[in-house]
Ligand SMILES: Cc1cc2nc3c(=O)[nH]c(=O)nc-3n(C[C@H](O)[C@H](O)[C@H](O)COP(=O)(O)O)c2cc1C
């Protein structure tokens with residue numbers, strides 16, 4: 001096809017505008033009410049035929065359709081942060097985390113306390129006066145994810161009836177949130193989240209201290225709606241993955257995380 005045979009975009013727009021103009025003229029002549037959408041004011045008018053207009057509606061949202069759809073998509077993508085306190089790559093904690101990640105809706109991010117490059121809080125007191133944290137490491141990314149996410153799962157083996165030390169190292173970096181509220185009187189995380197805790201233990205069955213510590217960390221991250229502890233407390237005898245109660249607990253956490261999210265409003 002030769003270049004001059006193309007119809008330019010401008011010509012197409014001109015033709016379309018002309019067709020609309022003719023249609024409007026025709027409707028006016030036939031006395032059919034003419035309805036016009038004013039893009040500037042985003043108001044829909046009916047022409048009264050005497051040169052005046054009556055407002056009949058307004059566009060409810062300011063964004064363009066494509067912007068709205070991409071916003072809705074990001075709103076409905078559930079995000080879950082998982083803090084893994086175990087050093088064992090294929091251990092009990094990991095096997096239960098895998099059960100969660102196999103089935104979880106949306107996206108997730110795992111912080112592996114033994115392998116991440118996150119140093120413990122040094123109590124430098126930067127956050128007494130400033131937002132954020134002075135230590136520039138992988139935790140900076142996690143702070144961002146904490147802001148965005150919908151759910152937070154803490155999963156850890158029991159070590160002396162507590163969460164593991166490395167997990168507490170990561171947890172110590174949440175001190176910035178405590179300082180924001182306590183010293184600077186600011187709320188550092190506006191979005192509230194759901195929380196859950198998975199614990200595994202070799203045999204003593206004492207989960208209360210670890211669960212309570214995990215809940216404290218979750219509170220720091222603005223999680224107050226927290227699922228009951230899910231645990232497998234006899235891993236010396238039976239791997240957590242074969243513990244029926246723990247698996248039932250995993251399914252319960254999965255549905256707890258998703259609940260109410262289906263009520264997203266598309267109107
Ligand atoms: C240093 C250390 C301390 C532990 N303390 C406890 C404990 O207090 N209570 C308990 O039930 N199990 C305890 N255990 C056993 C682990 O919690 C158990 O083996 C667990 O299943 C390991 O999980 P993982 O495979 O995910 O790392 C301890 C293990 C270690 C290495």
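Just so you know, all these numbers are worked out from the coordinates, no wet-lab data involved. Just so it is clear, the model here is predicted, and its values are computed rather than measured. Every residue, glycine among them, receives a Cβ derived from its backbone with ideal geometry; neighbour counts consider all protein chains shown.
Things worth noting here:
- Added length on full extension, which subtracts the Cα-Cα distance from 0.36 nm per residue, residue 236 to residue 219: 3.0 nm
- Angle between the chain longest axis and helix 9-30 axis [Cα atoms, degrees, rounded to 10]: 60
- Linear extension gain, residue 22 paired with residue 9, 0.36 nm per residue minus alpha-carbon span: 2.7 nm
- Between residue 184 and residue 59, the FRET efficiency estimated from the beta carbon spacing at R0 = 45 angstrom works out to 0.65.
- Acute angle (nearest 10 degrees) that the helix 92-103 long axis makes with the longest principal axis of the chain, alpha-carbon atoms: 20
- Choice from 109, 53, 173 showing the highest fluctuation, given a GNM over the chain with Cα pairs closer than 10 Å: 53
- The chain: relative contact order as a whole-number percent, Cα under 8 Å and 6+ apart: 16
- Theoretical ellipticity at 222 nm over the chain - DSSP helices of four or more residues, -39500 (n - 2.57) apiece, nearest 500: -12000 deg cm²/dmol
- Of 250, 241, 43, the one that fluctuates the most in a GNM where the chain has Cα springs shorter than 10 Å: 43
- Note: relative contact order over segment 3-62, using C-alpha pairs below 8 Å and six or more positions apart, is 18 percent.
- Computed E for residue 102/residue 128 - FRET, C-beta separation, R0 35 angstrom, nearest 0.05: 0.25
- Against the empirical 2.2 N^0.38 Å (N residues), the chain has a Cα radius of gyration ratio of 1.54.
- Fluctuation leader among 47, 102, 162 - the chain, Gaussian network, Cα springs under 10 angstrom: 47
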